[in-house]
1. Can you compute the FRET efficiency between A:D624 and A:S604 using 1/(1 + (r/R0)^6), with r the Cβ-Cβ distance and R0 = 35 Å? Round to the nearest 0.05.
2. Could you work out how far the C-alpha centroid of region B:187-209 sits from that of region B:248-268, in angstrom?
3. Please give every one of the lysines within straight-line cross-link reach of A:K502, meaning a C-alpha to C-alpha distance under 28 Å, and leave out same-chain neighbours fewer than 8 residues apart.
4. Determine the relative contact order of region B:7-55: mean sequence separation of Cα pairs under 8 Å and six or more apart, normalised by residue count, in whole percent.
5. Sort the following peptides by mean Cβ neighbour count (other Cβ atoms within 10 Å, averaged over residues), highest first: B:73-81, A:457-465, A:61-69.
6. By the scheme Lys and Arg +1, Asp and Glu -1, what is the net charge of all other residues having a beta-carbon under 15 Å from that of B:K183?
7. Give me the net charge for the shell around A:V616: Cβ to Cβ below 15 angstrom, other residues only, Lys and Arg +1, Asp and Glu -1.
8. Normalising by the residue count of chain A, find the relative contact order in percent from Cα pairs under 8 Å and 6+ residues apart.
Amino acid sequence: MTAVVEPAAAAGEVGAARRRKEDARLITGRTRWTDNIALPGMLHLAILRSPHASARIVSVDVRPARRQPGVIDAFSGADIAEIQGSLPCAWPVTEDIVHPVRPPLADGFVRHHGEAVAVVVARDRDSAVDALEAIEVEYEPLTPVLDLAAASRDEGLVHPDKGTNRSYTWIFDSAQAGTGTDVADAAAAAEVTLHRQYIQQRLIPAFMEPRSVVVDPGMGEYTIWSATQIPHILRVFYALLTGVPEHKIRVIAPDVGGGFGGKLQVTPEEMIAFFAAQRVRRPVKYTETRGDSMLSAHHGRDQIQDITLTATRDGTLTGIDVKLVANMGAYLGLVGPGVPILGAFMFNSIYKVPAYRFECVGVFTNTTITDAYRGAGRPEATYAIERAMDDLADQLGMDPVELRRRNWIKAEEFPFTTVAGLVYDSGDYDAATDKALDLFDYAGLRAEQQRRRDSGDPVQLGIGVSTYTEMCGLAPSRILGALRYAAGGWESASVRVLPTGKVEVVTGTSPHGQGHVTAWSQIVADELGVAFEDVEVLHGDTRTSHKGLDTYGSRSLAVGGVALVEACRKVRDKARVVAAHMLECSPDDIEFTGGAFRVRGTPSSAKTLADTAFAVFAAHDLPDGVEATLDADATFDPQTFSFPHGTHLCATLVDTATGHVTIHRYVAVDDVGKVVNPLIVEGQVHGGVAQGIAQALHEQAVYDESGTLLTGSFVEYTIPSAADLPHFVTDRTETPATSNPLGVKGVGEAGAIASTPAVVNAIVDALRPYGVDDITMPCTPERVWRAIKRGGAS
Amino acid sequence: MIPVAFDYLKPSTVEEAVAALGASEDSKVLAGGQSLLPVLRLRLAAPALLVDLGGVPGLSGVRVDGDTLVIGAMTTHAEVASSDLVRRHAPLLAAAAATVGDRQVRHRGTLGGSLAHADPAADLPAVAAALDATYVVQGPAGRRSVAAADFAVDLFTTALAPDEVLVEVRLSIVDGWSTHYEKFHRMAQAWAIVGVAVAVSRSDGTISGARVALTNMGPVPHRAVEVEAALTGAPATAEAVAAACVSVSAGTSPVDDLTASADYRRDLARVLTGRAVCQALGI
């Protein structure tokens, strides 16, 4: 048997706009969400949360709750004080970081609205919720520390025993690092100086599926289902925090309905459910309500950014000096301290600047913790530099695109070592920008803007520019180590070829909406010459995939996808030996083309992967030294980050009578390197841009003066729907990454990083004739209206 | 998101409903449930008894009774918005009903439920006020009529007694008026920050009659009678309309909250009233 039919994948799956395999089950819900898990004898948890932002717990009496119908157990922090320990922070960014104890269940004090105080375990969820009302808690309210700037000056203490609210101060100085000169010298010599303070408002990730956890204590062999982004990391922490040996813990992230970084956490609820299951020796489930989620799942952003640009009169940047105050909330989250540090390398963005200094102070307040949220540090940095560049262009009387073009790294200058010490491997900022300007009709919109200004139109038009890059594909383990992150950044993949030639992939990434099952199938199809449909992707279960570092930081394809390619190539090498044996030639005479192993010069003599798989399975006639499996593992640790970039342009129409903003045109040209599935890339760009627009226009978590979260539901915390968003014009340039064999970069966060400054720049641009040079996000109609009134121009 | 346990009754006549309400110390009427159920699920209210009007025949539908348009209290927003009779005889109400909530809410929520709930941010009470609607309510002593102006008493409070049920809304058919509902909100599908319901008539180049009512500019719908007077007899020009609307916020008491401040709402009311009148006039 030598003739083979060409496999369907011969035309190339990578690059095809495949519809996602997983969507049918995700969209219909005919799948296993954690809350769908039902185990025999399973009990349900309800959690009583603090109504106070800061209080001493005088007493908690759970006994009345234990007497309620259906209740099996009720306990408070004092009941598990001996075993509950402290929730982890995996990123203590400085040696002397102040890291307060964070018990999963409050013990003695509560330090933010919504902190877990007591737990009821009952036969059903209704009974558990009802019984919460019987718990008696006496609080002694304390004065909460809420204002971030005041907190940074230690005006009131969140943790009085620590003596300060300042968790850490982290500094990068290009003069000290040897990557550039001194910003003080740049300031002294500056022909032009621009200083701005921008506020990164606090956001709530608002993933679609609320968090849920099921713990089955078995007979000392724990199985945990959790709606998490990080099943592998969670397993390690369960072992470290509970003392249960790691091999007795299995963590499963079944299908997970979104995360945006919000499920990159080891949560109080996960630990509380574990302790509850230990106490009652039965499976327990906790599923949060939306209200609980908004109160207690970690928040994002929340920084005060002071940025100073120095430049020459012709618009050449000479220095960037950044001072951040970053709100940690009441405690440190899993990677919370590191979030602003990820931004430290991005304020210089795509620009050549000789001097750079960055200083960040992480500060405690009596609020929910902050941690990773789509972009994690990079959207904040990009916002500040891109807002400041538009403001500098205005100050210099230059076109904002020309100012950027004057300063950005040229295509022929890559690889380029930045003033922050990163090596950008590739990029073409001129190409992306030129394409965007063309799609946008930049000149035409500028002319329309002038017409509206000249005629005094009550509806003014503004144009906002955002040329961004970001560092993603987290991450080179050595760099993470140097930044004091506790874990590495490698990723793993296993490929198993079944006897009939079907392929199972085990990935260490943990998709929660990204479409890995589809993209990974496309990669395998091309690498092994099998059909897209013949690949199954297994993920999110530490029993089937014990090695992995999960999904966040736009890392899955750029790290996990590369591991997958390497595993496929190992399989291919093995199959090549088998094919050569079957074709009675030397492996050196075999080439893999058209999806099959062919004898060089005699392409009709060929074996497919399936042919070799069955031969391996039968094992009747294997070459000496060849094992009877066609499996391979690979682990990839990148040498550097990946650096997607792009140009986003936004035109807004601003109703100057009401302050209402309409996005008139939005163009996004992104360069994410080689594309595996353009449909998935498009979806990521749309979602990211929508989320960035949401920060610009709509979303903000608000606490009142007592520290009560006012935006506790989607009535007050206004996330946009499709009806609130414009038509997006999207396109790409393709500059392959040179840092990985796939040439891919990340795309998951790019839209959210790029879009926010584009939108705010456009609003400010519309209103410059009114004397407006900043509007604090979100740019609600009232804030825009007030800015116009305050601007005082006619 | 789990309500406190409650008793539930689904009567088949209004009389039964009224009797049940009268017999209970702590009951709520359940119509479409689009406001009540979220409140229960958040445990902001915990009534002992819900009396569901969904099983009472004859409470929904639209008909013309002489020179009056009659809309049953259990008619859904979607039915109001799409009814040929409402669109012909009360286009302002049809237009406003089409802006309520989202599609799901409009197919569950009812006209009577919205009016009886008396949320100051709800669109339809101001529309009913602008149209001088008459509310027919039924209690133990039978039916009585309440003028729209008297129905809304305060925030979430109406002239309904605890044992009364709103059964229908009656609108005098007045032809030849043109209308517009201007709703300003931050997000599609969100509550109105301010809404303006306008009905105007014109003869030649002059405004011959005007009715203006505001949503969310105080605890109850605000009928801007001074603006109505200023508009009446004014030329149908944008300048004259703007001048007549300058003081539309006089006498209002809008809330200052997370969504918008009171002074912003007042200025919005001025701008939006002018726009609504011009829109209705087609200028």
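Just so you know, all these numbers are worked out from the coordinates, no wet-lab data involved. Here the structure is a predicted model, which means the values were calculated and not measured. Don't worry about glycine lacking a Cβ; one is built from the backbone with ideal geometry, like all the others, and counts go over all protein chains shown.
1. Values: r = 28 Å, r/R0 = 0.79.
Result of the calculation: an efficiency of 0.80.
2. Here the answer is 18 Å between Cα centres.
3. List returned: A:K21, A:K547, A:K570, A:K574, A:K607, A:K674.
4. Numbers: 61 pairs, mean separation 28.8, N = 49.
This gives 59 percent for region B:7-55.
5. Values: B:73-81: 23.2, A:457-465: 21.1, A:61-69: 16.2.
Peptide ranking by packing, descending: B:73-81, A:457-465, A:61-69.
6. On the way: positive: B:R106, B:R186, B:R265, B:R275; negative: A:D655, A:D724, B:D102, B:D119, B:D123, B:E182.
Around B:K183, the charge tally is -2.
7. Values: positive: A:R496, A:K502, A:K570, A:R572, A:K574, A:R576, A:K607; negative: A:E504, A:D573, A:D611, A:D621, A:D624, A:E627, A:D631.
Combined, the nearby Lys, Arg, Asp and Glu give 0.
8. On the way: 2016 pairs, mean separation 125.3, N = 794.
Computed value for chain A: 16 percent relative contact order.
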